[in-house]
Amino acid sequence: MRKIILLGYMGCGKSTIANKLSKNIGIPFVDLDIKIEEKVNLSINAIFEKHGEIFFRKLEHEVFIELLNSPERLIIGLGGGTPCYANNHELLKADNVVSIYLKASIETLFSRLSANKSKRPLIANKSDEEMKEFIAMHLFERSFYYNQAQYKVSVDDKTIDQVVLDIVSLLA
Ligand SMILES: Nc1ncnc2c1ncn2[C@@H]1O[C@H](COP(=O)(O)OP(=O)(O)O)[C@@H](O)[C@H]1O
Ligand SMILES: O=C(O)C1=C[C@@H](OP(=O)(O)O)[C@@H](O)[C@H](O)C1
Ligand SMILES: [Mg+2]
């Protein structure tokens with residue numbers, strides 16, 4: 001069955017928008033990070049701390065494949081790094097996948113992430129100044145993968161409801 005997949009940098013709103021979109025169009029939603037946490041019974045922070053990023057990326061790939069192969073219609077909110085590892089971006093090209101890049105500027109990402117970094121191990125220990133530079137560089141490196149998405153929705157200066165409506169109209 002068809003999967004609607006939201007991707008984009010940390011803080012662009014994947015988890016929030018997927019949840020709201022699910023209520024709007026009545027298709028169940030799963031957050032890949034939450035599925036990963038449930039599978040190993042550890043938080044994302046604890047997985048990075050205890051087992052390291054490479055272990056996390058393998059797990060992320062496995063759980064992503066399980067979700068893609070599940071028989072239900074689903075909205076899937078990916079993690080920010082999901083399309084950038086293990087050739088996961090190739091999986092976005094499957095016939096039953098609609099992929100949507102939630103595109104945010106460095107400024108939008110910085111303002112959201114500076115208030116929400118503790119559960120994100122890649123940025124948790126960075127100062128504001130370090131974070132701004134990190135986001136700029138990292139977003140540039142990852143854009144190649146994000147741009148493989150079938151659709152792009154800009155999220156800058158839009159409310160959650162506006163972003164959801166933009167997605168609903170492109171799915172219509
Ligand atoms: N369109 C929006 N306008 C304002 N805040 C938003 C919007 N979308 C998401 N947020 C906020 O940004 C933060 C990061 O959102 P989240 O859904 O966790 O992003 P992601 O899953 O892409 O990392 C949360 O505090 C969320 O409430
Ligand atoms: O960008 C990344 O590499 C990551 C993003 C996170 O998800 P969000 O994008 O939902 O924060 C989470 O998967 C992990 O901390 C790694
Ligand atoms: Mg998320």
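The values are calculated or read from the model by the stated rules, or taken from the named source; none is laboratory data. Since this is a predicted model, take the numbers as computed values, not measurements. Because the Cβ atoms are built from the backbone with ideal geometry, glycine has one as well, and the counts that use them run over all protein chains shown.
In the range 73-86 there is at least one residue matching the filter, namely being at pLDDT 95 or above and over 29 Å from residue 159 (Cα atoms).
Give me the residue from the range 55-78 that is more than 16 Å from residue 148 (Cβ to Cβ) and outside any helix (DSSP H, G or I) and, out of that set, nearest to ligand 3 (Cβ to nearest atom). Residue satisfying both the conditions and the ranking: 77.
For residue 51, are the conditions met, namely being closer than 19 Å to residue 123 by Cα, more than 11 Å from ligand 2 (Cβ to nearest atom) and not charged (D, E, K, R)? Taking the combined requirement at face value, the residue satisfies it. Within the range 147-164, residues that are within 11 Å of residue 7 (Cα to Cα) have Cβ atoms under 6 Å from residues that are among the aromatic types (Phe, Trp, Tyr) and assigned to a strand (DSSP E or B) in these pairs: 149/101; 152/101, counting only partners at least 6 apart in sequence or on another chain. If only residues of the range 1-20 that are more than 20 Å from residue 138 (Cβ to Cβ) and surrounded by fewer than 24 Cβ atoms within 10 Å (Cβ to Cβ) are counted, the one that is farthest from ligand 1 (Cβ to nearest atom) is 1.
Does residue 18 fit the bill of being in contact with an Asp or Glu (Cβ under 9 Å, 6 or more places away or on another chain), more than 10 Å from ligand 3 (Cβ to nearest atom), modelled with pLDDT of 95 or more and of a type outside the set (Val, Ile, Thr)?
Working: in contact with an Asp or Glu (Cβ under 9 Å, 6 or more places away or on another chain): yes; more than 10 Å from ligand 3 (Cβ to nearest atom): no; modelled with pLDDT of 95 or more: yes; of a type outside the set (Val, Ile, Thr): yes.
Against the criterion (in contact with an Asp or Glu (Cβ under 9 Å, 6 or more places away or on another chain), more than 10 Å from ligand 3 (Cβ to nearest atom), modelled with pLDDT of 95 or more and of a type outside the set (Val, Ile, Thr)), residue 18 does not qualify.
Looking for something under 28 Å from residue 24 (Cα atoms), without any contact (Cβ under 8 Å) to a residue 24 or more places away in the chain and out of contact with any Pro (no Cβ under 9 Å at 6 or more places or on another chain) - is there at least one such residue anywhere in the range 94-104? Among the residues of the range 94-104, at least one is under 28 Å from residue 24 (Cα atoms), without any contact (Cβ under 8 Å) to a residue 24 or more places away in the chain and out of contact with any Pro (no Cβ under 9 Å at 6 or more places or on another chain), which makes the answer yes. Only residues that are loosely packed, with under 14 Cβ neighbours inside 10 Å and not aliphatic (A, V, I, L, M) were counted in the range 28-52, giving 7.
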